[in-house]
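The values are calculated or read from the model by the stated rules, or taken from the named source; none is laboratory data. Predicted, not measured: the structure shown is a model, and the values here were computed from it. With ideal geometry, Cβ positions are generated from the backbone for all residues, glycine too; neighbour counts draw on all protein chains shown. Side chains included, ligands, DNA and RNA excluded: accessible areas come from the protein's heavy atoms. Shrake-Rupley method; radii C 1.70, N 1.55, O 1.52, S 1.80 Å.
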Amino acid sequence: STLVIMEKNSRAYIRNFITPTRDITFIIATFLTAMIIMVFQVVVVVLIAWLFFKIQILAALLTTSLVLLIATSFFVLLGMLIGYVFTSEETATLAAVSISAIFLLLSSVILPIEGMSENVQKAAKFNPFVISESLLKQSLLFKEDIMAQSQDLLFLGSYALLIFGIILIGHQVLKKNFIKRYSLRLKKITSSKD
């Protein structure tokens with residue numbers, strides 16, 4: 001979210017709208033920038049888990065890599081969506097922390113899901129954090145292959161595609177509003193000079 005907010009508050013932001021480059025190019029560039037950073041972070045964490053905790057990652061490297069890629073893509077896209085929705089870095093950070101806290105509270109990290117009410121248990125099954133955690137456990141601990149996890153992988157991938165679609169639509173709306181506000185500001189400047 002911070003990357004998107006920094007871009008939105010940049011003086012050069014207008015250039016993104018007046019260049020003949022398609023909107024999806026800017027969205028994918030932001031996504032790839034964040035993904036490159038996240039991939040480096042994930043590699044460091046995986047190496048630490050492999051070297052110091054002796055977790056056998058190599059046995060299920062393909063499945064684990066796919067799970068991590070899809071989960072990371074979802075959370076990067078969610079951060080981008082938060083960045084597009086909010087205008088200041090503070091509110092975006094507050095929203096990201098709040099959403100993360102909700103995901104964390106509706107997972108089995110703090111309280112077991114089985115100890116929650118039935119309605120909360122049903123909602124927790126759709127929590128992307130729970131799905132990602134379950135997929136990682138299945139691939140690392142139980143060495144399940146991609147086919148055994150395909151339903152949850154598709155579900156998490158669908159979440160990511162849904163957020164990507166919302167970002168595309170939101171970027172179009174943001175672009176129209178930005179151009180409208182910018183043109184009104186230019187009219188005021190030119191009318192005040194006359």
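Some observations on this one:
- For the range 13-26, filtering for residues that are touching a Phe, Trp or Tyr at 6+ places or on another chain (Cβ under 8 Å) and of a type in the set (Val, Ile, Thr) leaves 1.
- Pair list, Cβ under 7 Å, 6 or more apart: the range 87-112 residue free of Cβ contacts under 8 Å to residues at least 40 places away in the same chain, other residue open to solvent by 70 Å² or more (accessible area, probe 1.4 Å) and in a loop (DSSP other than H, G, I, E, B): Leu104/Ile110
- No other residue among Val109, Val130, Val76 is assigned to a helix (DSSP H, G or I), among the aliphatic types (A, V, I, L, M) and either farther than 16 Å from Phe155 by Cβ or open to solvent by 50 Å² or more (accessible area, probe 1.4 Å) (or both) apart from Val76.
- Search result, residues across the range 139-190 that are closer than 30 Å to Pro20 by Cα, among the aliphatic types (A, V, I, L, M) and open to solvent by less than 100 Å² (accessible area, probe 1.4 Å): Ala160, Ile163, Ile166, Ile167, Leu168, Val173, Leu174, Ile179, Leu184, Leu186, Ile189
- Candidates Leu58, Leu69 - the one that is over 16 Å from the mean Cα position of the chain (by Cα) and either at pLDDT 80 or above or not small (Gly, Ala, Ser) (or both): Leu58
- Tally, over the range 8-25, of residues that are open to solvent by 40 Å² or more (accessible area, probe 1.4 Å), among the charged types (D, E, K, R) and under 22 Å from the mean Cα position of the chain (by Cα): 1
Here is a yes/no grid of residues against (1) over 12 Å from Ile5 (Cα atoms); (2) crowded, with 21+ Cβ neighbours inside 10 Å:
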residue: Leu61; (1), (2): yes, no
residue: Val67; (1), (2): yes, yes
residue: Ala71; (1), (2): yes, yes
residue: Gly83; (1), (2): no, yes
residue: Thr87; (1), (2): no, no
residue: Thr91; (1), (2): no, no
residue: Val97; (1), (2): yes, no
residue: Ser100; (1), (2): yes, no
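- Which numbered condition Gln41 misses (of (1) open to solvent by less than 80 Å² (accessible area, probe 1.4 Å); (2) part of a helix (DSSP H, G or I)): (1)
- Considering Ala71, Ala60, the condition of being closer than 21 Å to Ser158 by Cβ and not hydroxyl-bearing (Ser, Thr, Tyr) is satisfied by Ala71 alone.
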